[in-house]
Amino acid sequence: MLFFFGVNKSKLKNHFLLNNCICPHCNNANTLTTQTHAKYFHFFFFPIFPLSKTTTATCSHCRLHLQEDNFTEEMKRVYQNQETLNPNTRPIWHGCGCFIILSFIALSLISGIFAYFTYDKENSNSSEKADSFSFNYLNDLDSLTINPKLKNDTISLEAKDCLDEFLAGIVNTDRIEYYSKQKGNNILLIVKISDIKKIKSNTRKEILNYLYDWFSMDENFKNKKFYIAIEGQWNTVLISTPKGVDDDGKYANTDLLDNFYKENTPVKDTLNITIKKQKK
Ligand SMILES: [Zn+2]
C-alpha cells in the first residue's frame, strides 16, 4: 500500500562523540556516538512542515542503541553541551512546502484584496450609472397622472384617447395614469394600469400594438422612436423600445429604457407637436 502523505525523517549532519561517557552496557568509555534524525510531514514525498527531532546514541563496541530518553545523566549532560556548542539545525527544505503554501495563501489574499478594491471601484461607478437611470425612471413614475393636460402632455393625451377606447369595459380607464416626455426624436411614454390583472398576461402585449397603431396613424409621430413602458400595480409589465421588446406581460426589463435616459438631447416640451385628430 502506498502512502500519499505521512511522516518521513532525515539524518542531521552533526554526530557527537560523547567524551568520557561510559557505555551502560559494556562499560567502555568514549565508545558512544549520537545521531539525530529530524522528522517532517510529507505529501507525495514532498516535505510540507517540520516535526520533532529524535536523538539516539550507539556504542561502537557493543552496538548498544539507546534512545535519548534512556541516556544516563552523564550522557545527557555531555550531549547537551555538544548540542549547544554545535547545534544540529534541520535543513530548510523540511519546511519548504509550508512556506510555499503560506506564500500562496498570502498571494491569494493580496490579489483578492486588490481585486476587491478595484472591482468595488468599477462596480460603484456602474451602479452609480444604474442608480441615476433608475432614479430618473422613478422620478418619471412620480409624474404619472390620470389627467394629462393638452397644454403640457399631448402624447399622454393621445395615449389616453387610445386606451380609453381599447380598454373600455375591461379595466376602469379613468384610473389609468400617463406620463410622457420627448428628447429629440425619442419619445418616452409611461402608462400605469393598476388593475392590469384583469387583463390576461398573454394578451397584455396587445396594448403595445394598439398604441403603436394609434400613433402610426398620426403624421406627427412618423419618424419618432417610441419607448413605451406599461406599469402594473407593483412593477413594469411591458416594455417596447427601439432597442428591444419585453412583452411577456409579467416582469419587463426596464434596462431597455436605458438608451432614452442616456440620450443627451435636452427634454423637449411635447407641446410643439400639434395633434391633428384624424383617427377613424
Ligand atoms: Zn557498549
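Derivation of every value follows stated rules applied to the coordinates shown; laboratory data play no part. Because the structure is predicted, anything quoted here is derived from the model rather than measured. A quick note on method: Cβ atoms are made from the backbone with ideal geometry, for glycine too, and the neighbour counts reach across all protein chains shown.
Quick look at the values:
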read-out	value
Magnitude of the charge dipole, the chain, Cβ model with Lys/Arg +1 and Asp/Glu -1, debye to 20	660
Isolated Cys in the chain, by beta carbon distance under 4.7 Å	C21, C96, C98, C162
Mean residue ellipticity (222 nm) of the chain, computed from DSSP H runs ≥ 4 via -39,500 (n - 2.57), nearest 500	-11000 deg cm²/dmol
Sequence ranges 64-74, 183-193, 97-107, ranked by mean other-Cβ count within 10 angstrom, highest first	183-193, 64-74, 97-107
Added length on full extension, which subtracts the Cα-Cα distance from 0.36 nm per residue, C26 to D161	36.6 nm
Net lengthening on full extension, S108/L17 (0.36 nm per residue, minus Cα-Cα)	27.9 nm
Residue-by-residue Karplus 3J(HN,Hα) for region 158-174, coefficients 6.51, -1.76, 1.60, Hz, glycine and proline x	4, 4, 5, 4, 5, 6, 4, 6, 5, 9, 4, x, 9, 10, 6, 5, 5
Inter-label distance for L144 and D255, nm, one decimal - labels placed 7 Å from Cα along Cα-to-Cβ	2.3
Under the Karplus curve 6.51 cos²θ - 1.76 cosθ + 1.60, θ = phi - 60°, whole-Hz ³J(HN,Hα) for region 29-46, x wherever Gly or Pro sits	9, 6, 10, 9, 10, 8, 9, 10, 10, 10, 9, 8, 8, 10, 10, 6, 6, 9
The chain: angle of helix 205-216 to the longest principal axis, Cα-based, in degrees nearest 10	50
Whole-Hz couplings from phi, Karplus 6.51/-1.76/1.60, listed for region 107-116; x for Gly and Pro	5, 5, 4, 4, 5, x, 5, 4, 4, 4
Rh by Kirkwood over Cα pairs, then Stokes-Einstein D for the chain at 1.002 mPa s and 20 °C, µm²/s	81
T33 versus T265: modelled label distance in nm, points set 7 Å from Cα along the beta carbon direction	9.8
Charge-dipole axis of the chain as Lys and Arg at +1 and Asp and Glu at -1 on Cβ define it, positive-most pick from P148, I105, N202	I105
Cβ-Cβ FRET estimate between N152 and F117, R0 fixed at 45 Å, reported to 0.05	0.40
Highest to lowest packing among 206-212, 78-84, 31-37, scored as the average C-beta count within 10 Å	31-37, 206-212, 78-84
